[in-house]
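So the structure is just underneath, and the comments pick up after that.
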Amino acid sequence: MAGTEAQDSAQDGGRVILRHRLSTRLWHGVNALTLLVLLMSGLMIFNAHPRLYWGEYGANYDAPWFKVSSARIGAREFGFVQIANSRVETTGVLGLWEDQDGRLQRRAFPYWMTLPSRYSLALARIWHLAFAWVLALGLLGYLLWSLVNGHLRRDLHITRREWHPRSLWQDVKAHARLRFPKGEAARHYSVLQKLAYAGVLFILLPGMIATGLAMSPGTDAWAPLLTQAVGGRQTARSLHFLFAFGLVLFFGVHMAMVVLAGPLKHLRAIVTGRMQIEEDAS
Amino acid sequence: MSRILRPRGGLALSRRGLLRGGAVAAGGLALSGCDDLWRADAAKDVLTRAEDLHRWSQRALGGEALAREYTRADLSPRFRANGSQGVADPAYRRQLGEGFAGWTLRVEGLVARPLDLSLAALKDLPQRSQITRHDCVEGWSAIGQWQGPQLGGLLRLAGVSETARYIVFHCADLYHGRPYYESIDLADAFHPQTILAWQMNGAPLEEVHGAPLRLRVERQLGYKHAKFVTRIVAVDSLQDIYGGKGGYWEDVGDYAWYAGI
């Protein structure tokens, strides 16, 4: 949580505040590991059929909108990623790569991205589905707890004033200039931060769980609306992949922001919960 | 592993196991990488337990729910076949050539009246036709129309014993040199959409799709839908059958016995 319970212990000229509550820290840590396992095992599962389709069905002979594969022209073999009808060559990374023993492999994602590193759909599914429970129960617990302790209302609720285009634009400019809030302002999330975190909490993570369940034939029997709402099992699979991509994107920006805003300060904050804020230069 | 096949005490144990698994996994990832971790039987055991949680939750929430059925307009233009797509056995080849005129399905094990049913007799039983989506564990799916007698009707005809807990399907094919077989429990065996299909999209099954008879167990993934079924056995335990894990893929790989997710 964004330090609302200030602890006014003066230290080196800056105040130390409680930046993240225990529930947030704990969930953050568990999630970091869980999402890594889910991503890596998910990429291995994708390797079993490296194509994505829209609608209810899609298999070899049907037209995928996304594909990772390899091909040969004359003597030259190359890996590629295909979106609709355009191909980008990805030899060495996707579609065609060398494994740990220097052998050429023709699978979508390379060994260093997948769990397990050697092809195994069965093991990847065991990892993926076990940790899916950790993610789902963790998210549910965290959301309920955040509702009870006021985290959602206090720290993530976007006020009408913040929704104003001018306020949004101000924040975009501040981020673009790498101007991070100091003093009182540093105790609250900016509107872009709120949007990013709320997007992850209320769209991407629930979306991952819902589209994951929508792919399951057992769940589809008793909750057909899940799959129908998105327009089919293959659409659910495509969205599952796109949401995962969204989470990876979030992770990239999240990391960049932490590095730019002071990695040690924020690392300490997310581990111990405490952060020292600089006073306004007034 | 065979322990996972038995419905057990429930959620508390499994969830605790899962949490312990998380802790083991966390330590393992940090120390030595996931592959090493997987070799530790403890971690594998714990993670595999989540399968109980899948089955328990889906059964609790799903009950007798039917898999979604589609219309003829939804059929996929081409129904992909993979896995075992043919049978080398000379007796089978001869039957295939003769349109399976002399072919029989045997129903035995923990039943009061073992049955030998010809294909004609199976076609004479009350039929169920359903257009369903086939979900492969690999991620692809295809929609097809299937017709055949309900497995439940067949089991009632044979007088399945109260001590039976699983129905095992023995198949005519060898896959990578091993006999293919699969199993489901009685909850799935008596589900209305669980049929022994001899017809697909209005025509007799083709060899690649498991002629003359394949299992359709619509709320589970494709590898459960055994092709080339020749013998159905009611048993009270899966332990002494081949690898003991209840199916070809369960024995050979680490595929889940409960394939609803």
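The values are calculated or read from the model by the stated rules, or taken from the named source; none is laboratory data. This structure is a prediction, so every number in the text was calculated from the model and none was measured. Note: ideal-geometry Cβ built from the backbone for every residue, glycine included; neighbour counts use all protein chains shown. Side chains included, ligands, DNA and RNA excluded: accessible areas come from the protein's heavy atoms. Shrake-Rupley method; radii C 1.70, N 1.55, O 1.52, S 1.80 Å.
Among the residues of segment A:52-69, those identified as touching a residue at least 40 places away in the same chain (Cβ under 8 Å) and either more than 24 Å from the chain's Cα centre (by Cα) or not in a loop (DSSP other than H, G, I, E, B) (or both) are A:52, A:55, A:56, A:57, A:58, A:66, A:68. Looking across segment A:250-262, the residues that are farther than 17 Å from residue A:172 by Cα and exposed (fewer than 12 other Cβ atoms within 10 Å of the Cβ) come down to A:252, A:255, A:259.
Identify, from the list A:227, A:219, the residue that is in contact with an Asp or Glu (Cβ under 6 Å, 6 or more places away or on another chain), within 12 Å of chain B (Cβ to nearest Cβ), in a helix (DSSP H, G or I) and buried (at least 20 other Cβ atoms within 10 Å of the Cβ).
A:227
Flag: residue A:186 does not match the condition of being crowded, with 18+ Cβ neighbours inside 10 Å, in contact with a strand residue (DSSP E or B) (Cβ under 7 Å, 6 or more places away or on another chain) and part of a loop (DSSP other than H, G, I, E, B).
Has segment A:97-109 got at least one residue that is in a strand (DSSP E or B) and surrounded by 22 or more Cβ atoms within 10 Å (Cβ to Cβ)?
So the first thing to find is which residues in segment A:97-109 are in a strand (DSSP E or B), and the list is A:97-98, A:104-105.
Of the ones still in play, those that are also surrounded by 22 or more Cβ atoms within 10 Å (Cβ to Cβ) are A:97.
Checked segment A:97-109: at least one residue is in a strand (DSSP E or B) and surrounded by 22 or more Cβ atoms within 10 Å (Cβ to Cβ).
Residue B:256 meets all of the listed conditions (1) buried (at least 19 other Cβ atoms within 10 Å of the Cβ); (2) within 12 Å of another protein chain (Cβ to nearest Cβ); (3) aliphatic (A, V, I, L, M); (4) more than 11 Å from the chain's Cα centre (by Cα) but one, namely (4).
Among the residues of segment A:149-168, not a single one is within 14 Å of another protein chain (Cβ to nearest Cβ) and part of a helix (DSSP H, G or I).
Scanning segment A:25-52 for residues that are within 8 Å of another protein chain (Cβ to nearest Cβ) and among the aromatic types (Phe, Trp, Tyr) yields one hit, A:46.
Is it fair to say residue B:198 is under 30 Å from residue B:121 (Cβ atoms) and either open to solvent by 30 Å² or more (accessible area, probe 1.4 Å) or away from every other protein chain (no Cβ under 14 Å) (or both)?
yes
Of all residues in segment B:74-106, those being open to solvent by 80 Å² or more (accessible area, probe 1.4 Å), within 11 Å of chain A (Cβ to nearest Cβ) and either under 22 Å from residue B:217 (Cβ atoms) or in a helix (DSSP H, G or I) (or both) number 0.
Going through segment B:224-251 one residue at a time, which ones are part of a helix (DSSP H, G or I), open to solvent by 20 Å² or more (accessible area, probe 1.4 Å) and more than 9 Å from every other protein chain (Cβ to nearest Cβ)? Reasoning before the result, please.
Looking only at segment B:224-251, we keep the residues that are part of a helix (DSSP H, G or I), and these are B:224, B:248-251.
If we keep only those that are open to solvent by 20 Å² or more (accessible area, probe 1.4 Å) too, we end up with B:249, B:251.
Passing the criteria: only B:251.
Looking only at residues in segment A:71-86 that are open to solvent by 30 Å² or more (accessible area, probe 1.4 Å) and closer than 23 Å to residue A:112 by Cα, the one that is farthest from the other protein chains (Cβ to nearest Cβ) is A:77.
Scanning segment B:113-126 finds no residues that are of a type in the set (Gly, Ala, Ser) and within 10 Å of chain A (Cβ to nearest Cβ).
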